[in-house]
Every structure is written in structure tokens, then in C-alpha cells.
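The values are calculated or read from the model by the stated rules, or taken from the named source; none is laboratory data. Please read all numbers here as calculations on a predicted model, not as lab measurements. Here Cβ is always computed from backbone atoms with ideal geometry, including for glycine, and neighbour counts include all displayed protein chains. Calculation scope for accessible area: heavy atoms of the full protein, side chains included, ligands and nucleic acids excluded. Shrake-Rupley method; radii C 1.70, N 1.55, O 1.52, S 1.80 Å.
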Amino acid sequence: MTAALEPGDPERIGRYRLLRRLGEGGMGVVYLGASPAGRAVAIKVVRPELAGDPDFRARFRGEVEAAQKVSGAFTSPVVEAEPDGTVPWLAIAYINGLGLNETIERYGPMSEPPLRTLGAGLGEALIAIHEAGLLHRDLKPANILLAKDGPKVIDFGISKADTATLTAEGQFIGSPGYMSPEQIHGTRLTPASDVFAYGAVLAFAATGRPPFGKGAVPSIIHRTLHEEPDLYGLPASLAQLVTACLSRDPDRRPPAKLLPALLAAQPVTPGWLPGDVGEELRQREDTLVLDLRTLVRARNRRRLLIGGAVAGLAAIGGGTAAALAAPQGEKGHRLSPPKLLWRTTIEDEDDIGLVVRPRSIISVARKTFEDDFRCYSLATGRQIWSETGRMVAGPELIYTMSGSSGAVVAMDESQTVKWTYNPPARYRYPELMAPANGLLVLSGDRTITGLNPATGGRLWMREWPQASFVTCYGVQGRTLLAGAIKEGGESRHLALDITTGAVRWSRPLETMLSMPRNGDLIFAGSSRTTLDALSADTGRKVWSADLPNAERDPDGKDALLLNVTVANGLVYMNGPTIYALDASTGRQRWTYTPTSPGGRTRNFLVDGRYAYVLDSPRLVALDARTGRRLWSADTPAPDTAPLVVAGGLICVGVAGTTGSGLYAWDAKTGQIIWNYPITTPVSTKQGELSTNGPTLAAAHGNALLAFHLG
């Protein structure tokens, strides 16, 4: 069973974000983690007090080396390890399964069909271990997991080459009741020692009892060496095999390579564990998939928000009204402070978005399972309607998907339904992606569907049966970028044709890709300092650029943080140094290094001829084409506060108790135009700004405000 992270647990180990605790023992703690691509891993982290013990480090290094040698369908591969790090750790592909020990204790002995499947899978695992020149030496129920695709052998903590003896005189290593007689005596071991443990495991699974009983270790050892095993309740058809495996003479045990054939099991299918056991396994899988989807979704949203670029979104604080002088803009145009239309009270949410429509403002409270969205009249601030589910907005229509019906509904601002699409199956975790280039994307479980956003007609549907789930990242030109996430297997990036849904190209999901809204390039970080530009049409590399002072991705091994904006024929890379590269060649055009520390969350915005960067305590405007500094202005906003351009103004919002409020400068000259200070409610959480035409909307704490621009 898993448990929540405890105070003091790290947020991540290496490039893996930690989700839950899987267990704890004398060696250390085992965590459930996720890679940047959403792959689940089990991470064993050594206790700090043991990390300084040279003998222990040598043993742990041996475990890593042993595990790295083994591969097979019924073992768990090593994904990454740091045996020589300050705190050693080992990450293996996470097996979403039930421990054999706890399964038998809770649900009782196995019936013969799953028992044969168990035996055949364990036999395959032993073959893989022995072919790697190793012995497991501690095969027991606690080191076996029951997964949907069969049993898995884990924990190679005391594995050694099969030429080694096991113990020093008077000592033994292993688990009494499953150790072979030769293991107890400390004599030279052969693969037959693992076969003895194999027989003991089968006997336990079939009867619910260890074959040599429980109790004090000396008693178990005595029974193993001198008494017959207790096999009462073992199916008669398996009695001869198990008895042979438990022979005290290693030469009389069957070879491991014959075990799968001797079991004559049916091929493993997802339903091989029947009844309540199978149902618990399915529930655990649902929980894991939801955790990984939530992590991937949060990461995708974070990339959109911190990548810099989208005029229309900004984190804010807000409150009571004040305005400053309105100077003359270029060609005599007078810039006016935004005028408050109304203020209303909303729920104080941790993650809120705003959508500004011609006649309404929609607030979206993003949550794990479903979003809460409410529509307010732009004229009065009165709430018009509310729903729960998923929602995205297009230029003309709003698209929702509620958890109750599972249907995609297109409607206008007045909630008049224009069309409804009913998927052929109800998805557990549906997602909608805002329409782009004539395509509305619905993803659910292992399926991606392309819809016509105007009519709701289905354009195509594609399914990846082997994936744990699929997720969509964005549309550029004729390409939809998606990911097929496979728990415990190879996840892949997928580039789909938006017209047919056909796969145009794919690549292993080893590093994250970034698909900006503009241009025809997709970006990857192939090393700590290298940015690769890929063709969206073919996936082939177009150019590479060396960026020695770019930001490293804390979620990605040896990779860049892809804060990419494409505009003006240039590729802008935000970080400790801002790089502007020629979009055709990757050649560096200019750089700007802010004076304040930061980079990963510093906001950077390109809007036409201008580029804006928060360089605390200054807001700096650059010529977006040359990098020339145009103006700077004092601001109380931290470097992490997003920016928005609206009505000729560059706006920023500040949360907290000092300087909280909305600020706006002339986007061309840097002259302060407006300050809307906020004292009630005081909120330290970043809110949001959104703009459309002459309307600016702001959310701060439990306040929603609407302003008229110009």
C-alpha cells in the first residue's frame, strides 16, 4: 500500500518528482515517482546515515549492477541510478501491482489457473536472471508483485554472480523458509538454489502457508533441513513439480529453463487475477494513471505560463481604485487608465483562469478531476450560468464536457447549445484542447478524437491500446503533437495529421518537446546547453544552437527548460540569459542578461516590436528585433509575475501585503498610466489577468473585476 509524502521528504530525486511513499525499511525509503514524461518509477533512496559506510555503498553498488544486467518480461528494469551520489538512489520501472505476500494474506490461496500463471512467470524471471550470470538468492513472496501483465520479480539486493559462495562461516543471508539447504550451509550455490525458493513460493501461494512453517528462525531452519514440506492443499496436478523443486538434493530439482513449460499456463491477459484481487489491481491502476495525468497536465500548464509569450495572461493582485495622469501616446493618442465596470465575489481558488468573451467573462477553477466554470455578464457582473466538467473556448463557441453525461457540448455565451457530440465510450479522464486550425481535440484514456469545431462532426479517431493514457500538447500548422504514455514501457511523442489523425512521425518520449503557437518548429533540449529545432512536419532536426547560460530543467535529466517564444522570425529562449535566435538557421541575433538572479520563472513577453522582461525592481522594454534597451520603469512586481499587453498598456499584477494591486505603463514609452491598489482581500496567491478587445478581467483572491480599456 502507498502512503502520502511526509514532512521532510524531498520533492524530487534527480529528475523525478515524488508522488507517494511505497515503503520503508532498514536500508532506506522507497518512493513512487514520475519522470518529466509521466513515466512511473519506484525510487529506492538510501538513508543518509548509511551513505557514509563504504561497505554499505559497495553492497548497494552491487545491487545496482546486478539489477542492470537483468531484463525480461517478468522483472523490472533499471531506469536510472546514482550509486555514488551524496545520497545513493536507484530508480526502476514502477510495477503497479499487489505484493504476493499481502494478496495471499488478505484474499487466501490462489486457485489453480492463476497459480499456473504465477509459476510460469516466475520461471521466466529466473531464466532471465540466470542468463545474466546471476542468482537472485532471496526469492520470496515479499519480492514478487502481481501486475496486470503477470508476476514480476523485484529486489536484487543480495544477488551475486553464480560462482560465489553466500556466507561467512556461521552466517547466512536470505529468508528462512525459502532458502535452500545449501544456502543455509553456506556452500557454493547454483541456479538450483533459486529453484528451491521457487517451489516454496508456489507452495505458499497454493496453500496460504510457508511450506516449512512459521516461528523462530532456528525452528524453520531445522524443518527445512530435516522435515518434509507441508503441501496440504496444493493441487494434485502440481504436487510432483513442487515436491521436486523442494528436494534437498540440488541435482534432483528441475532446471529453471523447464519451469514455464512444466506449468502449461495460459497466456497472461489483463484479467488473469480474478474477483476482488483483480478489482483492487484495476483501482490501483486508475489511481496511478490519474496521478500521472495530473502531473503531466500541471507540467504542460506550467510550461505555457512560464514560457513567456502570450499577451493576455498575467498573475495579479487587485483591489480599490486609483488612477494616475494619462500622457500623450504616439501621434497624439491619449492613453486612458482602465475604467472599472464592476466587481463581484467568487470562490477563492488555488488555480483559476479567465476567458473574456464579447458579452461575458468566464472564470475557470481548475481542479484534479473536474473544473468549475461560471459565466458572468460583462454588462452587470451578474452570474448567468455555471457548470462542472471540462471547458475550452474558441473564437465563436464555448466547448464543455461534463462528468455526468460524457458528451461534448458546443454553446454560445447565452448557453444556447449549437451541437452535441456523444463519444462511443465514456472516458474516465477526458480532456478537451481548444480549437486550432479547424480542429477540436478530445482525448480520453487511450483515444484521441478530432472534431469539427463548427459542426461537431467527427473527423477521425485514433486509439493506442498499449498506452496507459494519451495526452495532447498543441497544434501547429497541420500537426497535432501528442504523447502516448505507457506505464512501465516506452512512452512516445506522436505527431498526428490534423486532417486524418494519421501518425506523421513519432519519437521516444525521453525528453520533453515544446510546441509554440507560432512558426513551424518544435523544440527539444538534447543536452544541458543545446537547443534543437525540429520540423513540425517531419520531426527531423533543422538546426541546433548552443546556449551556455540557458536554464536547466529541474524535471529533465541533462536538458534545457524550454521557455520558447516564436515571433518576428526569431526564436526567443527565456532564462538567466535571454537568447534571440534566427528561426531559419538558429544563428544568435542578440542576448540580454538581466541583473537580478533567476530565470526559470522570470516572465518574458514578446508583443510585436517590443519585448518585455521583469528585472526586479525594474520592468525593461527591449527592441524585439535587435535587443536594444528602449526604456525601464520601477515596479513592485517580482520577476515571477506574468505580464499582459492590453489597450496600448503593459500591465502587471502584484499579490501580497506590499504594493498589492494592478499597474500599467505606456507600452511604448514606459510612462506610468495606472495603479489600482488592492488592500481587501489580501491574497498572496497569484491571480490572473485576461483581455479581449476593450475588456480587461482580473481575478484576485475571492474578487473578480472587469475593466474597460481606452
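Observations, loosely collected:
- You will find that of Arg20, Arg15, Arg39, the residue that is in contact with a strand residue (DSSP E or B) (Cβ under 6 Å, 6 or more places away or on another chain) and either farther than 18 Å from Pro77 by Cα or of a type in the set (Lys, Arg) (or both) is Arg20 and no other.
- For the stretch 613-629, a tally of residues being buried (at least 17 other Cβ atoms within 10 Å of the Cβ) and either at pLDDT below 85 or farther than 22 Å from Pro548 by Cα (or both) returns 5.
- Single condition Thr601 does not satisfy, out of (1) modelled with pLDDT under 90; (2) open to solvent by 20 Å² or more (accessible area, probe 1.4 Å); (3) part of a strand (DSSP E or B): (3)
- Checked against (1) open to solvent by 20 Å² or more (accessible area, probe 1.4 Å); (2) touching a residue at least 24 places away in the same chain (Cβ under 8 Å), Pro465 passes all but a single condition, namely (2).
- Residue in the stretch 252-268 that is open to solvent by 30 Å² or more (accessible area, probe 1.4 Å), at pLDDT below 90, under 30 Å from Lys685 (Cβ atoms) and not hydrophobic (A, V, I, L, M, F, W, C) present: no
- Test result for Thr243, at pLDDT 95 or above, part of a helix (DSSP H, G or I) and open to solvent by 50 Å² or more (accessible area, probe 1.4 Å): yes
- Of all residues in the stretch 84-136, those being among the β-branched types (Val, Ile, Thr), open to solvent by less than 30 Å² (accessible area, probe 1.4 Å) and farther than 24 Å from Ser35 by Cβ number 4.
- Matching residues, the stretch 681-710, being farther than 12 Å from Leu649 by Cβ, open to solvent by less than 30 Å² (accessible area, probe 1.4 Å), in a strand (DSSP E or B) and not β-branched (Val, Ile, Thr): Glu688, Ser690, Ala697, Ala698, Ala699, His700, Ala703, Leu704, Leu705, Ala706
- Taken over the stretch 326-356, the residue count meeting the criterion of being part of a loop (DSSP other than H, G, I, E, B), at pLDDT 90 or above and closer than 23 Å to Pro430 by Cβ is 0.
- The set of residues in the stretch 660-680 being open to solvent by 30 Å² or more (accessible area, probe 1.4 Å), more than 18 Å from Asp348 (Cβ to Cβ) and either without any contact (Cβ under 8 Å) to a residue 12 or more places away in the chain or not in a strand (DSSP E or B) (or both) consists of Lys668, Thr669, Gln671.
- Candidate set from the stretch 348-384 (those that are open to solvent by less than 10 Å² (accessible area, probe 1.4 Å) and touching a Cys at 6+ places or on another chain (Cβ under 7 Å)); member that is nearest to Val441 (Cα to Cα): Ile362
- Residues that are in contact with a Pro (Cβ under 8 Å, 6 or more places away or on another chain) and under 17 Å from Asn143 (Cβ atoms) within the stretch 98-118 comprise Gly99, Leu100, Asn101, Ile104, Leu118, listed in sequence order.
- Residue ID - modelled with the lowest pLDDT, chosen from residues in the stretch 123-168 that are within 20 Å of Thr103 (Cβ to Cβ) and in contact with a Pro (Cβ under 6 Å, 6 or more places away or on another chain): Lys148
- The lone exception for Leu513 - which of (1) open to solvent by less than 30 Å² (accessible area, probe 1.4 Å); (2) modelled with pLDDT of 90 or more; (3) not polar (S, T, N, Q) it fails: (2)
- Some residue of the stretch 232-240 being touching a Pro at 6+ places or on another chain (Cβ under 8 Å), surrounded by 14 or more Cβ atoms within 10 Å (Cβ to Cβ) and on the phi < 0 side of the Ramachandran plot: no
- Taking the stretch 1-95 as the region of interest, the strands (runs of 3 or more DSSP E) fully inside it that hold 2 or more residues being touching a helix residue (DSSP H, G or I) at 6+ places or on another chain (Cβ under 7 Å) and free of Cβ contacts under 8 Å to residues at least 60 places away in the same chain are 78-82.
- Answer residue from the stretch 427-470, given it is over 27 Å from Pro516 (Cβ atoms) and small (Gly, Ala, Ser) and is modelled with the lowest pLDDT among those: Ser468
- Residue within the stretch 578-591 that is in a loop (DSSP other than H, G, I, E, B) and hydrophobic (A, V, I, L, M, F, W, C) present: yes
- If the condition is being of a type outside the set (Gly, Ala, Ser) and part of a strand (DSSP E or B), then the stretch 96-106 contributes only Leu98.
- Candidates Ala81, Ala66, Ala51, filtered to the one that is farther than 28 Å from Glu280 by Cα, surrounded by 22 or more Cβ atoms within 10 Å (Cβ to Cβ) and modelled with pLDDT of 80 or more: Ala81
- Among the residues here, Leu534 qualifies as open to solvent by less than 10 Å² (accessible area, probe 1.4 Å) and farther than 28 Å from Leu614 by Cα.
- Subset of the stretch 516-535 (residues that are touching a Lys or Arg at 6+ places or on another chain (Cβ under 8 Å) and either in contact (Cβ under 8 Å) with a residue 24 or more places away in the chain or of a type in the set (Lys, Arg) (or both)): Arg528, Ala533
- The set of residues in the stretch 558-608 being among the acidic types (Asp, Glu) and more than 28 Å from Arg15 (Cβ to Cβ) consists of Asp582, Asp607.
- Residue within the stretch 418-425 that is surrounded by 18 or more Cβ atoms within 10 Å (Cβ to Cβ), more than 28 Å from the chain's Cα centre (by Cα) and within 30 Å of Gln671 (Cβ to Cβ) present: no
Residues checked against (1) touching a residue at least 60 places away in the same chain (Cβ under 8 Å); (2) open to solvent by less than 50 Å² (accessible area, probe 1.4 Å):
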site: Val408; (1), (2): no, yes
site: Arg428; (1), (2): yes, no
site: Val441; (1), (2): no, yes
site: Asp445; (1), (2): no, yes
site: Phe469; (1), (2): yes, yes
site: Val475; (1), (2): no, yes
site: Leu480; (1), (2): no, yes
